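Remarks on the structure that follows.
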Amino acid sequence: MRVVAGSVASSDPVTQTDAVGRGPGLLVFTGSLQLVFINREAWELGSRLTQCSNGLVAQGVLPAEVTELSERICRLLRERGEGKDSDQLQLLRASRPSSESVLFRAVGIPHADGLQRSLILIFMEAIGRQEGGISKQVKWKFELSDRQAAVVEHLLEGLTNKEIANRLGIAEQTVKEHMKRIMEKARTTTRTGALMQLFETSRGAG
C-alpha cells in the first residue's frame, strides 16, 4: 500500500493485528512511503479522524497528520542519511483542534543500504487534552508561564519557530529562548523529550 496525497492505494494486503488492545496505534512505512503494516488501533483511530462531515467513514484515507509526518521523516532520512542524532529523526504533534485528540509520534530508522530499506514508524495514541489546551496540572508541575504554554500548543500543531513567532507576534529568537526554558524545566535536551513528558503528565492527570 502506498500513500498518495493522503489516501491509501492498495497493492498488497495490509497486516492488521486481530487482538484488540489498549496500546498505541502503529503504522510502518518503508523509506519510499510504502505502507507495510498497520495495527487495529491505528486503523480504528485513523477511521475516526477521517470521518466525513456527514458521519460516514472515509475508507482508505490516512489522517493528514500521518501523511505529513511520514513525508517529513522521509525527507529527514534522505537529508541525514546515517542519522547520527536519533532525536533528529523524531517528530511529535497532536491532531488538529477540530479533530479527535490524538498524539502522533514519527520515528525514522535509517538503513546502511539507503532510503529504500529505511523504515518510518508512526505511533498514534488517543489523549485526554483538556479544553483550552495544556492542563493546569501540567503548567503547575513544569512551572510553565502562559507564554511557554502557548509555545507548546503551537509546537503540537506542527508549526516551526518562525511560524510560532508570527502567530504570537514575538521574535523568532524569543521562541527559541522559551523552548530552551521549557526543555530545562522538563529536564531534557530535546524538544521531543519535553513534549512527551508534558503529555505523559497530562494523561496521568486525566
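So the values come out like this:
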read-out	value
Every pair of residues 6+ apart whose Cβ atoms lie under 6 Å, when the first sits in the stretch 114-126 and is surrounded by fewer than 19 Cβ atoms within 10 Å (Cβ to Cβ) while the second is among the polar types (S, T, N, Q) and in a loop (DSSP other than H, G, I, E, B)	116/32
Single condition residue 96 does not satisfy, out of (1) closer than 16 Å to residue 120 by Cα; (2) assigned to a loop (DSSP other than H, G, I, E, B); (3) modelled with pLDDT of 60 or more	(1)
Residue count for the stretch 128-159, restricted to those that are hydrophobic (A, V, I, L, M, F, W, C), surrounded by 15 or more Cβ atoms within 10 Å (Cβ to Cβ) and modelled with pLDDT under 85	6
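The values are calculated or read from the model by the stated rules, or taken from the named source; none is laboratory data. In this text, all values refer to a predicted model and were calculated from it rather than measured experimentally. Positions of Cβ are backbone-derived with ideal geometry, glycine not excepted, and every protein chain shown enters the neighbour counts.
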